[in-house]
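Report on the following structure.
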Amino acid sequence: MKLLFFPFLISLFLLGPSFANQANTETDSPTSKDSKRKIQLVILFDTSNSMDGLLEQAKSRLWEIVNETSELRHNGEIPILEIAMYDYGNDGIRNKNFVRKQLDFTTDLDMVSKKLFGLRTNGGSEYCGAVIQDALMELSWSKDTRDLKMIYIAGNEPFNQGPVDYKLVCGNAKYKDVIVNTIYCGNRDQGIKEFWMDGASCSGGDYFNINSNERVVFIPTPYDDEINKLSGEINRTYISYGAMGVQRKALQEEQDAMAMDQAPAVASMRAKAKTSSNYNNAQWDLIDAYIADSTVVEQLEKKDLPKELQGKSEKEINAYVESKIKERKKIQDQISKLSVKRDEFIKNEKAKDKSTKKDDFGSAVTKSINERAVHKGFERSE
């Protein structure tokens, strides 16, 4: 009996006391049948010198990933999308394992975009086990076993580098119902030799290889210009409030520009994301805040309202907000209808191209999300 128990104690010692504590709490808690389902995505980017191409692919595919998850349903409801982000393998990271948390789990998609576009490459040592361990230990993972919890780690150095045993942390991930998916930037066989497939297998995840230096090519459509025009119009329905309102409104427009710099197609995908409940800015937008809680106006102090509303009565402000809700809904409907036509156009154009398409960062992520979501009871919307 003692001999059988001894290896388990060794594993707990290697993983640290926090694992032992979490092992007792993460999977044993009861699930709530009333709460909305979640999809939690953690992206771990290698930001060493050779990874500029990877980051460019991610920037081009971010809003496609968001839109793909927003097409999923659980009992007819859109799941809540939470994204966290780390980078690793960068000499600019001042800790022994070269790991840096960029974002805790957040539903703030503009902030996700800002952090992604802010990543810079700079040499370094890539320790895959260490960054996965930090993500598992530091983030607030859902305790509901019906939620989809995924880690994506991308890089191009041996997976077994560094002081943390990847097999132990990936085993921990599996115990916590977190799937670790690996994306090797290079030749498939080389990635297998460097343990990237094994890193995925340890938690039941998927292994992909991509050419990170290949630029994402988009199919231009007759609908992009109109969709992007409507994206600008919908911004005018956002009414900033509170201490950070003005700054966050500026951030929204800044991320529109970042998407357009990638390509009009990327901006169109971002516009489509604005039609989803996952693009929610209740923390600074009075319209989203009012939809969440219609008493928000009476709770706010006058100084927290935009100047144009400070002299109005509560009744007048509520009427104004209601009119903006209708205006936004109308524009969202227009974007949605055009996006359906855009998607159909792209589908038909792709059908004409018989060449074999290899995975890039975005296609690897969306492919595995869709496949894994089915096993958690999610369905794609009609």
When restricted to 364, 282, 289, 265, the only residue modelled with pLDDT of 95 or more, closer than 24 Å to residue 68 by Cβ and surrounded by 20 or more Cβ atoms within 10 Å (Cβ to Cβ) is 265
Scanning the range 68-107 residue by residue, the ones that are assigned to a loop (DSSP other than H, G, I, E, B) and surrounded by fewer than 20 Cβ atoms within 10 Å (Cβ to Cβ) total 12
When every residue in the range 50-67 that is touching a strand residue (DSSP E or B) at 6+ places or on another chain (Cβ under 9 Å) and of a type outside the set (A, V, I, L, M, F, W, C) is compared, the one modelled with the lowest pLDDT is 50
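Rundown of residues vs (1) surrounded by 24 or more Cβ atoms within 10 Å (Cβ to Cβ); (2) of a type in the set (S, T, N, Q); (3) at negative phi; (4) touching a residue at least 60 places away in the same chain (Cβ under 8 Å), yes/no style:
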{"position": "159", "(1), (2), (3), (4)": "yes, no, yes, no"}
{"position": "192", "(1), (2), (3), (4)": "no, no, yes, no"}
{"position": "197", "(1), (2), (3), (4)": "no, no, yes, no"}
{"position": "201", "(1), (2), (3), (4)": "no, yes, yes, no"}
{"position": "204", "(1), (2), (3), (4)": "no, no, no, no"}
Restricted to the range 108-124 and to residues being closer than 17 Å to residue 156 by Cα and surrounded by fewer than 17 Cβ atoms within 10 Å (Cβ to Cβ), the residue nearest to the chain's Cα centre (by Cα) is 120
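Could you check, for the range 83-100, whether at least one of its residues is within 21 Å of residue 375 (Cβ to Cβ), without any contact (Cβ under 8 Å) to a residue 60 or more places away in the chain and of a type outside the set (Ser, Thr, Tyr)? Working first, answer last.
Of all residues in the range 83-100, those within 21 Å of residue 375 (Cβ to Cβ) come to 83.
Within this subset, residues satisfying the condition of being without any contact (Cβ under 8 Å) to a residue 60 or more places away in the chain are 83.
Among the residues that remain, those that are also of a type outside the set (Ser, Thr, Tyr) are: 83.
Yes, because at least one residue in the range 83-100 is within 21 Å of residue 375 (Cβ to Cβ), without any contact (Cβ under 8 Å) to a residue 60 or more places away in the chain and of a type outside the set (Ser, Thr, Tyr).
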The lone condition residue 173 fails out of (1) surrounded by fewer than 21 Cβ atoms within 10 Å (Cβ to Cβ); (2) in contact (Cβ under 8 Å) with a residue 40 or more places away in the chain is (1)
Check the range 214-230 and report whether any residue there is surrounded by 15 or more Cβ atoms within 10 Å (Cβ to Cβ), within 30 Å of residue 189 (Cα to Cα) and in contact (Cβ under 8 Å) with a residue 12 or more places away in the chain.
yes
Boolean, residue 376 is surrounded by 12 or more Cβ atoms within 10 Å (Cβ to Cβ) and either at pLDDT below 90 or assigned by TED's automatic domain parsing to the domain that holds residue 179 (or both) = yes
Taking the range 145-157 and the residues there that are at pLDDT 95 or above and farther than 21 Å from residue 97 by Cα, the one that is surrounded by the most Cβ atoms within 10 Å (Cβ to Cβ) would be 148
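The values are calculated or read from the model by the stated rules, or taken from the named source; none is laboratory data. These numbers come from a predicted model, not from an experiment. Note that we place each Cβ from the backbone using ideal geometry, even for glycine, and neighbour counts take in every protein chain shown.
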